[in-house]
1. Any idea which residue in segment 143-185 is most open to solvent (accessible area, probe 1.4 Å), counting only those that are among the β-branched types (Val, Ile, Thr) and more than 13 Å from the chain's Cα centre (by Cα)?
2. Go through (1) in contact with a Cys (Cβ under 9 Å, 6 or more places away or on another chain); (2) open to solvent by 60 Å² or more (accessible area, probe 1.4 Å) and name the single condition VAL100 misses.
3. Which is modelled with pLDDT of 95 or more, hydrophobic (A, V, I, L, M, F, W, C) and out of contact with any Ser or Thr (no Cβ under 9 Å at 6 or more places or on another chain), of ILE76, ILE95?
4. For GLU49, state whether it is at pLDDT 95 or above, charged (D, E, K, R) and open to solvent by 10 Å² or more (accessible area, probe 1.4 Å).
5. Taking TYR8, is it modelled with pLDDT under 95 and either among the basic types (Lys, Arg) or open to solvent by 30 Å² or more (accessible area, probe 1.4 Å) (or both)?
6. Taking segment 16-46 as the search range and keeping residues that are open to solvent by less than 30 Å² (accessible area, probe 1.4 Å) and assigned to a helix (DSSP H, G or I), which one is nearest to THR175 (Cα to Cα)?
7. In segment 92-106, is there at least one residue being acidic (Asp, Glu) and either under 13 Å from ALA166 (Cβ atoms) or part of a loop (DSSP other than H, G, I, E, B) (or both)?
8. With the condition kept exactly as written, say whether any residue in segment 56-63 is over 14 Å from VAL3 (Cβ atoms), surrounded by 18 or more Cβ atoms within 10 Å (Cβ to Cβ) and among the hydroxyl-bearing types (Ser, Thr, Tyr).
Amino acid sequence: MKVCIIQYNAGNIYSVVNALRRLGIDPILTDDAEELASADRILFPGQGEASTVMQYLIGHQLDKLIKNLRQPVLGICIGQQLLCQHSEEGDTDCIGIFPVDVKHFPTTNPTDKIPAVGWNYIESLKTPLFEGLEQKPYTYFLHSYYVPISEWTIATANYILPFSAAMHKDNFWSTQFHPEKSGDVGERILKNFLDLQV
C-alpha cells in the first residue's frame, strides 16, 4: 500500500511518520501532485496557524490538489480545521470540504485554559474509523479552535462545550485529536483508516 503524507509548512508531521512506521508502513512525505494522485491513502496532519498554513497551501496550489483527491484522506488537528469552510483564526478561508466554520473556544470563564491540552475522551463514535474501540476512548488533544458539531460529525468531545472530535464526508475523514499521540487507541484508528474498504 502506498501511503503519502502531504508535506507543507506545519509542525508535528514526523510523529505521524513514526506512528505509521510502527504499523509497518513507510510513508512518502511529499507535495508532488503526481505522487499524491497515485497514493492509496493520504494523510494531512500538522500543527500551525490557519492563515499562515493556507497561504502556503494556496501558494503551492496544494489547496486545489487536496480538494480534488479521490482516495481516502485523513486530516489531523489543523488538517481537520483546514478541511472546513472558514476559520476564525486569522479570519481564514479554508479548503471547504466540510461546509462548517471553525470557531475559537469561548473564554467567558477565567478557569478555562486555552489551548485545550491533554487527554480527553471521545464518544458517539460512527463509521469504520472507530471499529474495535470501546465507547469513550481517551485521545490526545492540543487546540485553541474547534469545529462545531454538524451532520458530518462522527465523534464528539467536550471541552468548554461539545465539538467535533472527528468528521467524515465522501473520501475525507478527519480528527481534531492526534491519533499518532494517542497510544493504542490512536494506533487502532490509524490502522482502521489504512484498512478502509472503498
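The values are calculated or read from the model by the stated rules, or taken from the named source; none is laboratory data. Just so it is clear, the structure is predicted and the values come from calculations on it, not from any experiment. Cβ sites come from the backbone with ideal geometry, for glycine too, and all protein chains shown count toward neighbours. The accessibility values were calculated without ligands, DNA or RNA, using every heavy atom of the protein model including side chains. Shrake-Rupley method; radii C 1.70, N 1.55, O 1.52, S 1.80 Å.
1. So the residue we want is ILE149.
2. With respect to (1) in contact with a Cys (Cβ under 9 Å, 6 or more places away or on another chain); (2) open to solvent by 60 Å² or more (accessible area, probe 1.4 Å), VAL100 is out only on (2).
3. Sole residue among the options that is modelled with pLDDT of 95 or more, hydrophobic (A, V, I, L, M, F, W, C) and out of contact with any Ser or Thr (no Cβ under 9 Å at 6 or more places or on another chain): ILE95.
4. Spelling it out, it is not the case that GLU49 is at pLDDT 95 or above, charged (D, E, K, R) and open to solvent by 10 Å² or more (accessible area, probe 1.4 Å).
5. So TYR8 does not fit the description; no.
6. Ranking the candidates gives VAL16 first.
7. no
8. No, segment 56-63 contains no residue that is over 14 Å from VAL3 (Cβ atoms), surrounded by 18 or more Cβ atoms within 10 Å (Cβ to Cβ) and among the hydroxyl-bearing types (Ser, Thr, Tyr).
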